[in-house]
Structure formats: C-alpha cells, structure tokens
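See below for the structure under consideration.
The values are calculated or read from the model by the stated rules, or taken from the named source; none is laboratory data. In this text the structure is predicted, and so the values were computed from the model without any measurement. Heads up, the Cβs are rebuilt from the backbone with ideal geometry, glycines too, and the neighbour counts pull from every protein chain shown.
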C-alpha cells in the first residue's frame, strides 16, 4: 500500500488565488496514482495520496525564505 505525500506552497497559480484548487488537487491525486500503477503495478485503490499545503513563510529555498529567494532571482534575471 503506497502512501505518497505531495507538498506544495499555499499559493494559487494566479495572483487572485491563495491555494491550490480542488480540481488541481484531484488532478495531482489522479496523476500520482496512475504513475504508481504504470511504474510499480500498484492498484489505484491501494494508493493513498496526501497533499500538504505549506505557507510560504514556512518554505525555504537556496538558504532563504522563498519570497526573498524569488526576489533575488527576479533581480538577477533583470
């Protein structure tokens, strides 16, 4: 029985949203489950997928909080 945890930052894919939609979560669950079926032959009904949304201030990248890291990258690309 596989259990897969997917962590994403709590932010939307557009500026007017602050979380992943139910439809997006359903697509993640379906996709991850199908990968385990196709690669490891694990039946869909035996696969559990847990989606954890993490607040941006609890997520770090490159030694910095995510928002600071993104600002640095944006400046470097300018």
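Taking region 54-78 on its own, how many of its residues are in a strand (DSSP E or B) and touching a helix residue (DSSP H, G or I) at 6+ places or on another chain (Cβ under 9 Å)?
4
Restricting to region 1-46, count the residues that are in contact (Cβ under 8 Å) with a residue 40 or more places away in the chain and either within 11 Å of the chain's Cα centre (by Cα) or within 30 Å of residue 57 (Cβ to Cβ) (or both).
Number satisfying all stated conditions: 9.
Out of 54, 39, 35, report the one residue that is at negative phi and touching a strand residue (DSSP E or B) at 6+ places or on another chain (Cβ under 8 Å).
Matching residue, one of 54, 39, 35: 54.
Let me confirm something: among 24, 11, which residue is closer than 20 Å to residue 67 by Cα, surrounded by 13 or more Cβ atoms within 10 Å (Cβ to Cβ) and either at pLDDT 95 or above or out of contact with any strand residue (DSSP E or B) (no Cβ under 7 Å at 6 or more places or on another chain) (or both)?
Residue meeting the stated conditions: 11.
Hey, can you tell me all the residues within region 38-74 that are over 17 Å from residue 9 (Cα atoms) and surrounded by fewer than 15 Cβ atoms within 10 Å (Cβ to Cβ)?
Listed by number, the residues that qualify are 38, 39, 40, 41, 43, 44, 45, 46, 48, 72, 73, 74.
Answer yes or no as to whether residue 53 is in contact (Cβ under 8 Å) with a residue 40 or more places away in the chain and under 13 Å from the mean Cα position of the chain (by Cα).
It is true that residue 53 is in contact (Cβ under 8 Å) with a residue 40 or more places away in the chain and under 13 Å from the mean Cα position of the chain (by Cα).
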